[in-house]
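Contents: one structure, followed by commentary.
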Amino acid sequence: MSEQLGKNEGFNTKDIVLCGILMAMTTVMTMIVQIPVIGAHGYVNMGDTVVLFTALYLGKKQGAVVGGVGSALADLISGYGVYAPVTLIAKGLEGFICGLIAEKVSGRKGRIIGTVVGGVIMVTGYFIGEIFMYGLKTSAAAVPANSMQALFGIVTSLIIYVGVSRAMPRKK
């Protein structure tokens, strides 16, 4: 029954299992290296690598789920629960839009544009969310660090995608 439901919704059992593993990896990669941002309340992490990779490799829906849930879970576990709602939206949109663009614009160009736009969405999402949480000055102070985090995620996700897609090509 769940196998049939998965197929009707665009997910199969293998994709559901991969999403679970990638959510856990996102949580771990977000928590394993947390560099506090000077002048702001958040931290820089490596979770975007997994979020963007998932969006490229599995697609927009999976990218959204892995990005939003995996990253928000890391915030909750790490004591940054105040960020969890912003993270759920910002990282979920990052994964969804990256996957959507990569789906619509084929090849290398689509992957590059998708990851860059996904990174910009993540930075913008935190900027807007932090304005409501801490004000414009503190929110603006986090933009350079969030931009570096996005850049790191873009580069590493593209490298990992190339290696994994060669070793384990996905059927479209």
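Derivation of every value follows stated rules applied to the coordinates shown; laboratory data play no part. All figures in this text were calculated on a predicted structure; none of them were measured in a lab. Virtual Cβ from ideal backbone geometry, glycine too; neighbours counted across all protein chains shown.
In this simple spin-label approximation, E103 and H41 carry label points 7 Å from Cα along the Cα→Cβ vector, and these lie 3.4 nm apart. Go ahead and set up a Gaussian network model of the chain, Cα springs under 10 Å, then flag whichever of Q62, Q34, Q149 fluctuates most. Largest GNM mean-square fluctuation: Q34.
Evaluated at q = 0.15 Å⁻¹, the base-10 log of the normalised Debye intensity for region 31-74, with identical point scatterers placed on the Cα atoms, takes the values -0.41. Ignoring lysines fewer than eight residues from K14 along the same chain, the ones with Cα atoms less than 29 angstrom from its Cα are K60, K61, K91, K104, K109, K171, K172. In this structure, I21 and R166 have a Cβ-Cβ separation that, at R0 = 30 Å, corresponds to a calculated FRET efficiency of about 0.95. All Cα-Cα distances of region 86-172, cut into 10 Å bins from zero to the largest, leave 18, 44, 26, 10, 2 percent in each bin in turn. Dividing the C-alpha radius of gyration of region 20-128 by 2.2 N^0.38 Å, with N its residue count, gives 0.99. Here the gap between V155 and I77, fully extended at 0.36 nm per residue and compared with their Cα-Cα distance, gives a gain of 25.4 nm. Below 15 angstrom from the Cβ of L22, what's the summed charge of the other residues (Lys, Arg +1; Asp, Glu -1)? Result for the local shell: +2.
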